[in-house]
Amino acid sequence: MVMNNRRNYYIFKPLYFLFLFLFVGQGFHAQKKYWVKFKDKNGTPYSLSNPSAFLTQKSIDRRSAYNISYHVTDLPVNPTYISSVDGVPGVSVLYASKWLNGVIITIDTSVLKLPQVFSQIKAFSFVSDTNTVRRYRLDYLPVEADPSLPGQRPAGETTETSKNPYGGSRRQINQLNLGCYHELGFKGQGMTIGVLDAGYSGLNTGPVFDSLRSNNRILGTRNFVDGGTNVYLGSNHGTGVMSCLAANIPGIIMGTAPYANYWLIRSEEGAENISEEYNWIRGAEFADSVGVDILTTSLGYTTFDLSSSFNNHTHAQLDGRTAPMSIAANLAARKGIFVLNAAGNEAQGSWKKIGVPADADSICTVGAVDSLGKYGLFSSVGPTADGRIKPDLSAMGVFTWVSGGTLPGQPGDGTSFATPVLAGAVACFWQMNKSLKNIAVLDTLKKLGSLSASPNYSLGWGIPKFPCPCLLKADFTYRLEGKRIVSFKSSSTGALSTSTYTWSFGDGSQDTENQPAHNFPMAHTPYPVFVTVNNESFPGCVDTSEVKMIMPHPDPTLDFDFYADCDQNSVFRIALTPAVYESVYVEIIDMNGRVMVSKEMDPDIFNIEFNASGFANYMYLVKIKTSKGTKTKKILKR
């Protein structure tokens, strides 16, 4: 594999020291392995009528929600077939693939020579074929820490959360128009994303992922390299990928789906840049079984390991139907999973093209652009061998804001980062549009792409501009403040921070504030009031409230009463019933009888405030004298 060594601004030199260590001691992993394919699953003890025996309820629910039939590929491999092969002298079965219906084995040639072993295996009536397991060179942009960049932020960024809640992640999120989804509450809740990568070192301790851990959004982990569940070792490539998805430090770094749930799956060594072709398949099968909605992989697989004894991979095989990983990727998509895979970073190398499983026809292959939408020169290109356009979509993969777990993050390059940026956005979009099947989601996003009218082999259908959902319902509340003064407040649902307001007060005047106060010309006249709210980021998303008849005058039949409290800002708030008063006097008295406030008020004002920050925290008496009587109530300042 030819590495693309353009700006390596991000992550970790220990990766290369680990490489040297493991390369010397990788005898077990270098042991040759073989694939034994079975003809069928006849006689299996499992049944498609009882899927709970081999799938979780969440996986079953996904199939049910989208009317996906169970298929023979869902059934586990026949255990009798496995035990028969395992019983051949010198053979050890390592693991099975139910989707491709076969097993991976090793052979101890000191027990029996290879020709004899294969002769016995092929003698089984249920065996279809045997092959050497091929090993791929991984394609992902190597990234290493630059000690001169620990505090660097993109120009113009601010840590003031109110102005920029996304911090360094702002450009990659805004490029997809995802901010309005987040503001409306769509942040991936209820969606489950499976991440296949080479390791997640630092994710279990880094502050960037505090929220992810404290809210138990990591549903589980699985290590298909070493076995067990510890994935927080080896490479930290997956940690950077996860920061694009799940980081949640407002004003500093934010993922595109910070409230989604995650399965972290380690399928690759990471250190030696060599992968066995069935590692990815095992991870994908597991992800399906636990019910993920989305599966994202930021690893590409291109040429075979040149030390192997068979011919190298060729572009002609990039047809989506030849490489086992590509076949498995399509199977995952046909089971209702939205599958994303990085296009790769080989455009400036000798390979240039996408790898596998990026050539699969039913998945979303992701290319890289910069913040201005320009093609990232390293991003691998299409077409596939059978002439299909790849990549499918593109997202920001040049100077993407990423983190290995520490703050504030750093810029990094690669389709490795463009892919999770888009995956999280897909989660938010699908969360709001759950009736859509995965393929319909992909088709919709292609239509929303910046190049939908003229897709190409570099960026596919371009950058999808996620349409801001129109969930707008205009409404308002109001309060009489005086004889002719009324305060209004929008209570509209689905409004955004950028929404505009136009109030019509029925007297020929208007206002554009969110919470206006209006002085009506006549106190005893009803006025028709309504507000129009416009979500300008979504053209056509406008709603007008129902008309409410406002009578801006007090009720002469009301008796005098009042309510008083002290808020957390030490402000005494007094609200009089909107009656007709000729005079109003207010006194505030401490428990020693000392008068703290004595003031005559405007009788047309019904809501009164006093700053009590200089008062001791204690009980006070509020005494109101009006032309309709006098009342005293207690108020506690805390």
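So how many Å³ per residue does the convex hull of the Cα atoms of region 63-115 work out to? Before the final figure, lay out each step's value.
Details: hull volume 4.0 nm³, N = 53.
Measuring per residue, one finds 75 Å³ for the Cα hull of region 63-115.
How far, in nm, would the chain grow between T493 and N611 when pulled straight, counting 0.36 nm per residue and subtracting the alpha carbon separation?
On the way: separation 118, 0.36 × 118 = 42.48 nm, distance 3.26 nm.
That pair, T493 and N611, stretches by 39.2 nm at full extension.
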Going by a 4.7 Å Cβ-Cβ cut-off, which cysteines of the chain have no partner at all? C244, C364, C428, C566
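Once the Cα gyration tensor of region 168-278 is diagonalised, what are the square roots of 5 times its eigenvalues, in whole Å and ordered largest first, as equivalent ellipsoid semi-axes?
Values: eigenvalues 136, 40, 32 Å².
Over the Cα atoms of region 168-278, the ellipsoid semi-axes are 26, 14, 13 Å.
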How much length would be gained if the chain were fully extended between D507 and N433, taking 0.36 nm per residue of separation minus their Cα-Cα distance, in nm to one decimal? 22.4 nm
Only four residue types carry charge here, +1 at the Cβ of Lys and Arg and -1 at the Cβ of Asp and Glu. Report the dipole size of the chain about the Cα centre in Debye, rounded to the nearest 20. 840 debye
At 20 °C and 1.002 mPa s, grab the translational diffusion coefficient of region 455-612 from Stokes-Einstein with a Kirkwood Rh over Cα pairs, rounded to a whole number in µm² per second. 113 µm²/s
Set of lysines with alpha-carbon distance to K37 below 27 Å, sequence-local pairs under 8 removed: K98, K113, K122, K335
Nitroxide proxy distance, nm - points 7 Å out along Cα→Cβ at R213 and V547: 6.0 nm
By average C-beta atoms within 10 angstrom, highest first, the peptides 402-409, 219-226: 402-409, 219-226
Write down the Kirkwood hydrodynamic radius of region 398-474, to one decimal in angstroms, obtained as one divided by the mean of 1/r over all alpha carbon pairs. 14.4 Å
At what distance in nm do the modelled label points of Q317 and T109 sit from each other, each positioned 7 Å from its Cα along Cα→Cβ? 2.2 nm
For region 187-239 and region 592-609, distance of Cα centres in Å: 60 Å
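Among 88-94, 574-580, how do they line up by average Cβ neighbours within 10 Å per residue, starting with the highest? Before the final figure, lay out the partial values.
Details: 88-94: 16.9, 574-580: 18.9.
Averaged packing, sorted descending, gives the order 574-580, 88-94.
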Helix 237-246 versus the longest principal axis of the chain: what is the Cα-based angle in degrees, 0 to 90, to the nearest 10? 30 degrees
Whole-Hz ³J(HN,Hα) from phi, Karplus 6.51 cos²θ - 1.76 cosθ + 1.60, for region 418-430, glycine and proline x: 4, 5, x, 4, 6, 4, x, 5, 4, 4, 5, 5, 5
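More than 11 Å apart: what percent of Cα pairs in region 479-529 qualify? Kindly include the intermediate steps, with their values, before the conclusion.
On the way: 908 of 1275 pairs.
Percent of Cα pairs beyond 11 Å in region 479-529: 71.
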Cα-based Rg then Dmax for the chain, in Å, read 32.4, 111
Residues whose modelled amide H sits under 5 Å from the amide H of G102, counting only those 5 or more places away in sequence or on another chain, are F38, S97
Could you list the residues of region 493-510 with an amide nitrogen less than 18 Å from a label point located 7 Å from the Cα of C470 in the Cα-to-C-beta direction? 493-502
Please list, in order along region 481-496, the HN-Hα scalar couplings obtained from phi with the Karplus expression 6.51 cos²θ - 1.76 cosθ + 1.60 (θ = phi - 60°), rounded to whole Hz, x for Gly and Pro. 9, x, 4, 10, 9, 10, 9, 10, 9, 5, 10, 5, 9, x, 7, 10
Return the lysines within reach of K548: Cα separation strictly under 23 angstrom, same-chain partners fewer than 8 residues apart disregarded; answer none if there are no such residues. K473, K483, K489
The ³J(HN,Hα) series, computed from each phi in region 631-638 with the Karplus coefficients 6.51, -1.76 and 1.60 at θ = phi - 60°, rounded to the nearest Hz and given as x for glycine or proline, is 9, 10, 9, 8, 9, 10, 9, 9
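At a 10 angstrom cut-off on C-beta neighbours, averaged per residue, how do the peptides 436-447, 613-624 rank from highest to lowest?
Numbers: 436-447: 17.4, 613-624: 14.7.
Those peptides, ordered most packed to least, come out 436-447, 613-624.
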Of every hundred units of 1.4 Å-probe accessible area on the chain, the number belonging to carbon and sulfur atoms, as a percent, is 52 percent
Placed amide H near G355: partners under 5 Å, 5+ positions off or other chain: Y301
To the nearest 10 degrees, the tilt of helix 438-447 (Cα long axis) against the first principal axis of the alpha carbons of the chain is 70 degrees
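For region 355-456, please report how many Lys pairs fall under 16 Å Cα to Cα, leaving out neighbours fewer than 8 apart on the same chain.
Value for region 355-456: 4.
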Kindly state, to the nearest 0.05, the FRET efficiency for D567 paired with N519, given R0 = 25 Å and r defined as their beta-carbon distance. 0.45
Taking a probe of 1.4 Å, how large is the accessible area per residue of the chain, in Å²? 41 Å²
To the nearest µm²/s, what D does Stokes-Einstein give for region 389-547 at 4 °C and 1.567 mPa s, using the Kirkwood radius over alpha carbon pairs as Rh? 67 µm²/s
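Can you show me the helix-derived [θ] at 222 nm for the chain, built from DSSP H runs with n ≥ 4 at -39,500 (n - 2.57) apiece and divided by the number of residues, rounded to the nearest 500.
On the way: 13 runs with 118 residues, N = 638.
That comes out to -5000 deg cm²/dmol.
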Spelling it out for L295: with amide H atoms placed in the peptide plane at 1.01 Å from N, the residues 5 or more places away or on another chain with amide H under 5 Å from its amide H are G194, F338, V339, L340
Reach of K634 by Cα under 19 Å, taken over lysines that are not fewer than 8 positions away in the same chain: K599, K623, K625
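For region 592-638, what is the Kirkwood hydrodynamic radius in Å, using each pair of distinct C-alpha atoms?
Details: mean 1/r = 0.0812 Å⁻¹.
Evaluated on region 592-638, it is 12.3 Å.
The values are calculated or read from the model by the stated rules, or taken from the named source; none is laboratory data. All values reported here derive from a predicted model rather than from experimental measurement. Quick reminder, even Gly has a Cβ in these numbers, built from the backbone with ideal geometry, and neighbours come from all protein chains shown. We work out accessible area using only protein heavy atoms, side chains counted, and drop any ligands, DNA or RNA first. Shrake-Rupley method; radii C 1.70, N 1.55, O 1.52, S 1.80 Å.
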